[in-house]
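> The structure is given below, and queries will be raised subsequently.
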Amino acid sequence: MKKLKIFLAVLILAAVSSCGSAPESEAERELFAMDTIISIKAYGQRSEEAVNSAAERLNELESRFSVTDENSDIGILNTLGTANVSGDTAYVINEALNVCSSTDGALDITIYPVLREWGFTTGNMHVPSDEAVRSALSKTGYENIGISGNTVTLPEGYMLDLGSCAKGYSGDEMLAVMSELGVTSALVNLGGNVQALGSKPDGTEWSVGIANPFSPNELLGVLQIHDKSVITSGGYQRYFTDDSGNVYIHILDPHTGYPADSGLVSVTVIGDRGIMCDALSTALFVMGKDRAVGYWREKGGFDMVLVTDDGTVYITENIAGSFRNSSGFPAEIIDE
């Protein structure tokens, strides 16, 4: 049932208004990669080639970033503790480390040992002992990663997981591949990460639905975008419930090793680069509303839609006019 809910939530997050009659140059493809359903849509004279090239690029990146593939860059690095990785992997690690630092560790790409203790990466989800969490947490700390060029070194027992930004970067690269082939209108959906190239073929903006975190099969609202990435992190996306009815979400607070309890239930980040939107959606979720707002005011360069556990929606002022709230929840505008 949880898998069905996640699948439906993905479809809602990728909700796109009709483009009218489909032009002859439209191409579309769906595949399974990065442990989720991926859809690619492109328009233009070379749209078929573009869609296939984007899919090939995605598969290439998955083979480098996968934390469960022992032959990937990350698999080799986690096994040996040091590795010469691809340019893609080195780039993503460096970009992720910038977010780790700027958010004071609210994002930490060394959290993988703790995720494994909770079973979120193995499928054996359970509540670990406090001792197990402390032990795993002692093998984390993004500041201890060594990287020089394409050579990455980890302290003993450390393991990397790029799941917080790999899909965003992959979406960026897929759009870049299609753009190089002359496509000016395209949309990719990587398991709820929606990234757009240009506008719809008729020149109007894409309509991207954001799931209601309290009822993921329904919409919170619809956002009008062009040339943007819309990426959401929420506790409803992956979780388990213990015998007492307590819910444990997959987004962990790197400082405690336990599921984030920040007062937020959903964070959607909108920006020009998918890799940054992806990483920030996780970090801001951990930070909570007040710190997320402070970070936005200090750093800028992106917009966001926050939903708190009391059912209030907060929208940054730059996109307030592009967001239609269909949830019935009270909404407040965040100004600078």
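The values are calculated or read from the model by the stated rules, or taken from the named source; none is laboratory data. Note that this is a predicted model, so its numbers are computed, not measured. No Cβ is skipped: glycine too gets one built from the backbone with ideal geometry, and neighbour counts run over all protein chains shown.
> If Ile109 meets every condition in (1) of a type in the set (Val, Ile, Thr); (2) assigned to a loop (DSSP other than H, G, I, E, B); (3) over 18 Å from Lys139 (Cα atoms) apart from one, which number is that one?
So Ile109 meets the others, but not (3).
To keep it simple, each residue is scored yes or no on (1) touching a residue at least 12 places away in the same chain (Cβ under 8 Å); (2) part of a helix (DSSP H, G or I).
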site: Thr68; (1), (2): yes, no
site: Leu77; (1), (2): yes, yes
site: Ala83; (1), (2): yes, no
site: Ala96; (1), (2): yes, yes
site: Val114; (1), (2): yes, yes
site: Glu117; (1), (2): yes, yes
site: Asn124; (1), (2): no, no
site: Val133; (1), (2): yes, yes
site: Leu160; (1), (2): yes, no
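> Count, please, the residues in the range 178-196 that happen to be touching a Leu at 6+ places or on another chain (Cβ under 9 Å) and free of Cβ contacts under 8 Å to residues at least 40 places away in the same chain.
2
> Restricting to the range 38-61, name every residue that is at pLDDT below 95 and either under 19 Å from the mean Cα position of the chain (by Cα) or crowded, with 19+ Cβ neighbours inside 10 Å (or both).
Gly44 - this is the single residue of the range 38-61 that is at pLDDT below 95 and either under 19 Å from the mean Cα position of the chain (by Cα) or crowded, with 19+ Cβ neighbours inside 10 Å (or both).
> Of the conditions (1) on the phi > 0 side of the Ramachandran plot; (2) in contact with a Ser or Thr (Cβ under 9 Å, 6 or more places away or on another chain), Asp104 satisfies every one except a single condition; which number is it?
The number of the failed condition is (2).
For (1) within 21 Å of His250 (Cβ to Cβ); (2) surrounded by 15 or more Cβ atoms within 10 Å (Cβ to Cβ), each residue gets a yes or a no:
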{"position": "Asn78", "(1), (2)": "yes, yes"}
{"position": "Thr89", "(1), (2)": "no, yes"}
{"position": "Ser101", "(1), (2)": "no, no"}
{"position": "Leu107", "(1), (2)": "yes, yes"}
{"position": "Ser135", "(1), (2)": "yes, yes"}
{"position": "Val152", "(1), (2)": "no, yes"}
{"position": "Met159", "(1), (2)": "yes, yes"}
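> Is there any pair with a first residue in the range 309-327 that is closer than 15 Å to Val269 by Cβ and a second that is of a type in the set (Lys, Arg) whose Cβ atoms are under 8 Å apart and which are 6 or more apart or on different chains, and what are they?
Taking only residues 6 or more apart or on different chains, the pairs are Tyr314/Lys289.
> Restricting attention to strands (runs of 3 or more DSSP E) lying wholly within the range 221-307, give those where 1 or more residues are touching a Ser or Thr at 6+ places or on another chain (Cβ under 6 Å) and not acidic (Asp, Glu).
The strands (runs of 3 or more DSSP E) meeting that bar are 229-234, 247-249, 264-271.
> Hey, among the residues in the range 162-188 that are assigned to a loop (DSSP other than H, G, I, E, B) and of a type in the set (S, T, N, Q), which one's surrounded by the fewest Cβ atoms within 10 Å (Cβ to Cβ)?
Thr184
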